[in-house]
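Data block below; observations after.
The values are calculated or read from the model by the stated rules, or taken from the named source; none is laboratory data. Because the structure is predicted, anything quoted here is derived from the model rather than measured. All Cβ positions, even for glycine, are placed from backbone atoms using ideal geometry, and neighbour counts span all protein chains on display. These area figures cover heavy atoms from the full protein model, side chains too; ligands, DNA and RNA do not enter into them. Shrake-Rupley method; radii C 1.70, N 1.55, O 1.52, S 1.80 Å.
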Amino acid sequence: MRKRYLDAMTLVQRYGKPDLFLTMTCNPNWLEIRAELKQHEEVQNRPDLLSRIFRSKFHYLCKEVVKKELFGPVAAYTFATEFQKRGLPHVHMLIVLKGAYKISTVDLVDSFISAKIPDKDQQPHLYAMVLKHMLHGPYGELNLQNACMHNNKCKNHYPKNYCAETTICPDGYPIYMRRPNGEEATIRGHKLDNRWVVPYNPTLLAMFDCHINIEVCSTVKAVKYLYKYIYKGYDKIMYRLATTDEAQGIDEIKQFQDARWISPPEAMWRIYRLPLYEMQPAVITLQLHLENRQPTNFNDNTNLRNIAGNTFMQRTMLTQFFWMNANDKKAKHRKLIYQNFPEEYVWDSQTRAWHERQQKEVIGRIATANPKEGGRYYLRLLLAH
């Protein structure tokens with residue numbers, strides 16, 4: 001996960017801060033899922049349907065956002081798939097728009113994001129979708145027993161305050177327009193208004209019939225938090241096995257067990273080998289080592305003298321980068337630094353050589369080095385210039 005986080009930060013270094021933070025959650029009542037169930041069959045008994053149909057829906061959402069440019073041309077994006085405790089898959093996606101299409105004004109925010117209950121007569125379908133998926137509550141004073149409550153307050157800070165106009169905050173998410181226009185909806189016996197609406201994009205919500213929260217994050221200063229959030233890793237649990245007649249004291253250290261929580265939909269997701277993570281453009285991690293300190297793989301029964309004298313096995317991305325600059329005319333002419341080299345050349349692990357790239361945009365990232373490593377760290381500094 002740390003490697004994926006560092007790769008994502010390379011996108012920030014190249015393209016700037018992310019502009020949109022999108023979260024999409026599976027809807028177990030999708031018609032595509034219900035149509036495949038047998039009579040009296042429950043949704044939770046078909047984790048294969050949940051996984052495959054959610055993947056198809058999200059793939060179509062990516063096409064709308066990236067290829068059809070719903071928010072404008074996309075320079076880069078990354079997403080991570082997670083699973084709720086009850087098993088439903090959901091995706092966190094960070095989108096970086098191209099420079100001229102950055103969301104920097106209030107008008108652009110309002111054109112893409114809404115935080116209000118739409119008019120029931122003019123937009124009946126969207127009205128039904130907002131009531132079904134995008135109302136956060138009732139919590140707070142209306143329901144103190146909800147899991148969302150912490151110290152008698154909603155940890156997500158709902159209900160929000162009314163706001164006549166959208167305000168762009170210099171160090172966080174915008175404060176979206178929430179006017180007291182009289183629109184209300186009765187949810188679980190309580191009347192909720194615009195203060196309870198989770199920000200959404202009307203087009204995506206009406207199209208996909210599921211919870212799709214989208215936030216403008218271009219003004220968030222703590223960019224690292226956003227990427228660490230989506231690459232926080234899998235769920236874990238702690239448990240202890242004990243007998244009912246256990247009378248002696250509990251040794252928590254001795255009996256501690258560290259385990260992963262894997263729900264049936266996640267198990268099916270992995271069985272089908274569906275992608276859990278994706279990043280575009282791809283980031284290539286470049287090897288970093290001192291002279292004659294490159295890592296080498298070999299079997300237990302291999303003669304180490306043959307390995308040490310094998311010049312082919314000694315080839316690495318770094319050694320061949322130096323060789324290309326010394327012997328290849330095109331590489332000499334382009335004068336590329338190490339981290340930019342994969343943009344013009346592709347590494348072939350079979351022949352252990354760089355070849356001229358024909359297609360696909362990629363970005364290079366030199367492997368990290370700690371200042372305590374001395375020479376390796378200083379070599380990394382030199383290679384960056």
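Descriptive notes on the structure:
- Among the residues of region 341-352, those that are open to solvent by 40 Å² or more (accessible area, probe 1.4 Å) and either in contact with a strand residue (DSSP E or B) (Cβ under 9 Å, 6 or more places away or on another chain) or not basic (Lys, Arg) (or both) comprise Glu343, Glu344, Val346, Trp347, Asp348, Ser349, Gln350, Thr351.
- Counted residues, region 97-113 - those being free of Cβ contacts under 8 Å to residues at least 40 places away in the same chain and crowded, with 21+ Cβ neighbours inside 10 Å: 0
- Taken across region 75-96, residues that are free of Cβ contacts under 8 Å to residues at least 40 places away in the same chain, part of a loop (DSSP other than H, G, I, E, B) and open to solvent by 10 Å² or more (accessible area, probe 1.4 Å) do not occur at all.
- Only one of the numbered conditions (1) touching a residue at least 24 places away in the same chain (Cβ under 8 Å); (2) assigned to a helix (DSSP H, G or I); (3) under 18 Å from the mean Cα position of the chain (by Cα) is violated by Pro18, and that is (2).
- Residue match in region 300-319 (condition: in contact with a strand residue (DSSP E or B) (Cβ under 6 Å, 6 or more places away or on another chain) and of a type outside the set (Ser, Thr, Tyr)): yes
- In region 202-243, the qualifying residues are those that are modelled with pLDDT under 80 and β-branched (Val, Ile, Thr), and the one that is farthest from Gly172 (Cα to Cα) is Thr243.
- Qualifying residues in region 244-279 (those that are of a type in the set (S, T, N, Q) and within 23 Å of Arg86 (Cα to Cα)) - the one modelled with the lowest pLDDT: Gln257
- Residue check for Gln320: open to solvent by 50 Å² or more (accessible area, probe 1.4 Å) and either out of contact with any helix residue (DSSP H, G or I) (no Cβ under 6 Å at 6 or more places or on another chain) or of a type in the set (Ser, Thr, Tyr) (or both): no
- Taking residues in region 184-203 that are over 16 Å from Ala115 (Cβ atoms), and partners anywhere that are open to solvent by 60 Å² or more (accessible area, probe 1.4 Å) and hydrophobic (A, V, I, L, M, F, W, C), the pairs with Cβ atoms closer than 7 Å and at least 6 places apart or on different chains are His190/Leu142.
- Residue that is nearest to Leu274 (Cα to Cα) [pool: residues in region 114-136 that are out of contact with any helix residue (DSSP H, G or I) (no Cβ under 9 Å at 6 or more places or on another chain) and surrounded by 14 or more Cβ atoms within 10 Å (Cβ to Cβ)]: Lys132
- A single entry from Gln359, Gln280 fulfils the requirement of being buried (at least 17 other Cβ atoms within 10 Å of the Cβ) and either farther than 30 Å from Asp48 by Cα or not basic (Lys, Arg) (or both): Gln280.
- Within region 84-111, the set of residues being under 30 Å from Leu49 (Cβ atoms) and either at pLDDT 90 or above or of a type in the set (A, V, I, L, M) (or both) comprises Leu88, Pro89, His90, Val91, His92, Met93, Leu94, Ile95.
- Within region 220-231, the set of residues being open to solvent by less than 30 Å² (accessible area, probe 1.4 Å) and either of a type in the set (A, V, I, L, M) or over 15 Å from the mean Cα position of the chain (by Cα) (or both) comprises Val220, Val223, Leu226, Ile230.
- Residues located in region 166-183, provided they are within 30 Å of the chain's Cα centre (by Cα), surrounded by fewer than 17 Cβ atoms within 10 Å (Cβ to Cβ) and touching a residue at least 40 places away in the same chain (Cβ under 8 Å): Thr167, Cys169, Pro170, Asp171, Gly172, Tyr173
- Scanning region 18-44 for residues that are open to solvent by 80 Å² or more (accessible area, probe 1.4 Å) and not hydrophobic (A, V, I, L, M, F, W, C) yields Glu32, Arg34, Glu36, Lys38, Gln39, His40, Glu42, Gln44.
- Residue within region 325-333 that is at pLDDT below 90 and of a type in the set (Asp, Glu) present: yes
- Test result for Glu361, within 14 Å of Val283 (Cβ to Cβ) and modelled with pLDDT under 90: yes
- Selection of region 97-120 for residues being within 21 Å of Gly137 (Cα to Cα) and in a strand (DSSP E or B) yields only Ser114.
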